[in-house]
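These notes concern the structure reproduced below.
The values are calculated or read from the model by the stated rules, or taken from the named source; none is laboratory data. Please read all numbers here as calculations on a predicted model, not as lab measurements. Quick reminder, even Gly has a Cβ in these numbers, built from the backbone with ideal geometry, and neighbours come from all protein chains shown.
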Amino acid sequence: MDIISTTEALNAACATLSSETYVTVDTEFLRDSTYWPVLCLIQVAAPKGEALIIDPLADGLDMAAFYALMANKSVIKVFHAARQDIEIFWHEAKTLPDPLFDTQVAAMVCGFGDSVGYENIVKRVTGEQVDKSSRFTDWSRRPLSDKQLRYAAADVTHLRQVYEHLGRRITKSGRAEWVAEEMAILQDPDTYEVKPENAWKRLKLRNRSRKAVAVLMEAAAWREREAQGRNVPRGRILKDDAIQEIATQAPTSTEALANLRAVPRGFSQSRHAKSLLDAVQNGLNKPSGDVLMPDAPEQLPQGLGPTVELLKVLLKYKCEAHDVAQKLICNVADLERIAADDNAHVSALRGWRREIFGNDALDLKHGRLCLAIEDRVIKPVRLERKAAE
C-alpha cells in the first residue's frame with residue numbers, strides 16, 4: 001500500500017478528493033509523553049476505491065492541501081468519534097472540518113445506543129469484523145508494517161458504508177437537524193481551546209475557602225502553561241495532589257514548598273519553583289471579586305428522589321420509542337434539575353429534546369401524565385382530567 005509522503009503527491013490526491021461528495025477521515029496519533037497529540041498518520045477514503053494513507057511525519061511534507069480539503073464546504077468530512085481528530089487539526093492548523101458528519105453521534109440519533117464504538121457499528125451495519133489488534137501500536141515508528149497499514153485503511157473504508165447507512169436513516173426519520181445541532185458543538189473552536197486560566201475547573205475542590213480557591217486558580221494555570229510550553233503531560237510538571245496541597249498550604253518560600261508532602265523532592269530547588277511561588281503569591285494577592293467561587297454542590301430537595309426515579313423510567317421509555325440514545329437527551333444530573341425546577345437550564349427542556357421528552361417529563365412531574373404497566377410493558381398514560389384543571 002502506497003503512503004503519501006511528498007507535497008506533490010498530497011496536492012494531487014487532495015485535488016482529486018475535492019471533487020467528491022464526501023470523504024471519510026481518521027487519524028492515528030500518540031500523546032503518551034506529550035501535552036499536544038502527535039499526529040502520526042491520516043487516512044482518507046472517497047466513496048469508491050482504496051483508502052489513501054498520508055504520513056504527516058514525512059520530512060518536508062506541506063499539509064496545506066489536506067487542511068484546505070478539510071475546509072472545503074462542498075465535501076462532507078465523515079469521522080467516527082471526531083472530537084480527538086478535530087482537536088489535532090485545530091491545534092496543528094486552526095482548521096475545523098466543514099461540513100462535518102460524526103457517525104458516532106448519528107448512531108446515537110438512530111438508536112444504536114450511547115457512544116457506540118466503531119467496531120460495534122461496523123459489525124451491525126456491514127457484518128464485517130474489524131481487526132483492532134494494531135490499535136495501540138507505536139504509530140510514530142517507521143516503517144509501518146503492512147498489518148498497521150491494513151488496520152488504518154479499514155478504519156475509513158468501512159466508514160463509508162456506515163455513513164451511507166446512517167445518512168439514509170436520518171433522512172428517512174427527518175432527524176438531520178438533530179445531528180446538525182451536535183455537529184455545531186464539534187465545530188465550535190471553544191470546544192478545543194485549552195485556556196490555562198480554566199485549568200482549575202477540572203480539579204475536584206478539597207478546600208472551598210476563598211484563599212485556597214484563589215491559589216488553586218493560579219497554581220493550576222501555572223502548571224497548564226508549563227505543560228503547554230514544554231509539551232509534556234501536566235502530571236509530569238506536578239501531580240494533581242501537589243496542586244491541591246499547594247492551594248491549601250499556599251507556600252510563599254522555597255522552604256515551605258519543600259515541606260509539602262505531595263511536591264517531589266528537589267522541586268523547590270529547581271528553576272521552575274520561583275515561577276510557581278510567584279503564581280501562589282498572585283493567588284494570595286488576587287482581589288476577592290476576581291476569585292470565581294464555584295457553586296456548592298446542588299442538594300436535591302427533600303422528597304424528590306422518587307420523582308427522579310420516575311423520570312428515569314420515562315426517559316428510557318421515550319428513548320426506546322423514538323429510537324435514540326439516552327445520553328443524547330440528558331443525564332441523571334439533568335433529571336434532578338428538572339425534578340427541582342420546571343425552568344431548569346438543561347438541553348432536555350429545549351428544542352427537539354423537549355418535544356420528545358421534556359414536555360412529558362414536566363407532565364409526569366405535575367401529575368398530568370402517569371406510568372402504567374400494560375402487558376408487562378411500561379407505558380405513559382395521559383390524565384385528561386388533570387390536564388384540564
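Just a few scattered comments:
- Test result for Thr7, in contact with a strand residue (DSSP E or B) (Cβ under 7 Å, 6 or more places away or on another chain), over 30 Å from Lys195 (Cβ atoms), free of Cβ contacts under 8 Å to residues at least 60 places away in the same chain and surrounded by fewer than 16 Cβ atoms within 10 Å (Cβ to Cβ): no
- Matching residues in segment 67-100 - criterion: being surrounded by 23 or more Cβ atoms within 10 Å (Cβ to Cβ) and under 22 Å from Cys319 (Cβ atoms): His80
- Check on Leu205, in a loop (DSSP other than H, G, I, E, B) and among the aliphatic types (A, V, I, L, M): yes
- Taking first residues from segment 21-39 that are in contact (Cβ under 8 Å) with a residue 40 or more places away in the chain and closer than 18 Å to Arg142 by Cβ and partners that are of a type in the set (Ser, Thr, Tyr) and assigned to a strand (DSSP E or B), the Cβ contacts under 8 Å between residues at least 6 apart in sequence or on separate chains come to Leu39/Thr27.
- Pairing each residue of segment 351-362 that is touching a residue at least 60 places away in the same chain (Cβ under 8 Å) with any residue that is surrounded by fewer than 20 Cβ atoms within 10 Å (Cβ to Cβ) and among the charged types (D, E, K, R), provided the two are 6+ apart or on different chains, yields C-beta distances under 9 Å for Gly351/Glu177; Gly351/Glu181; Trp352/Arg175; Trp352/Glu177; Trp352/Glu181.
- Residue ranges of strands (runs of 3 or more DSSP E) in segment 1-96 with at least 3 members under 21 Å from Val122 (Cα atoms) and not charged (D, E, K, R): 22-30, 38-45, 76-79
- Among residues of segment 370-389 that are within 16 Å of Leu310 (Cα to Cα), none has a Cβ under 8 angstrom from a residue that is modelled with pLDDT under 85 and surrounded by 13 or more Cβ atoms within 10 Å (Cβ to Cβ) at a sequence gap of 6+ or on a separate chain.
- Pairs are defined by a Cβ separation below 6 Å, a sequence spacing of at least 6 or placement on different chains, a first member in segment 203-231 that is over 19 Å from Thr252 (Cα atoms) and at pLDDT below 95, and a second member that is of a type outside the set (S, T, N, Q) and not in a helix (DSSP H, G or I); no pair meets this definition.
- For segment 165-192, the candidate set comprises residues that are touching a residue at least 12 places away in the same chain (Cβ under 8 Å) and among the acidic types (Asp, Glu); within that set, the residue that is farthest from Ala71 (Cα to Cα) is Glu177.
- In segment 107-140, the residues that are farther than 23 Å from Leu41 by Cα, more than 19 Å from the chain's Cα centre (by Cα) and part of a loop (DSSP other than H, G, I, E, B): Cys110, Gly111, Gly127, Glu128
- Filter pass, Arg160 being farther than 30 Å from Ile4 by Cα, modelled with pLDDT of 95 or more and either in the same structural domain as Cys40 (by TED's automatic domain parsing) or surrounded by 15 or more Cβ atoms within 10 Å (Cβ to Cβ) (or both): no
- Candidates Phe101, Phe89, filtered to the one that is closer than 21 Å to Lys327 by Cα and in contact with a helix residue (DSSP H, G or I) (Cβ under 8 Å, 6 or more places away or on another chain): Phe101
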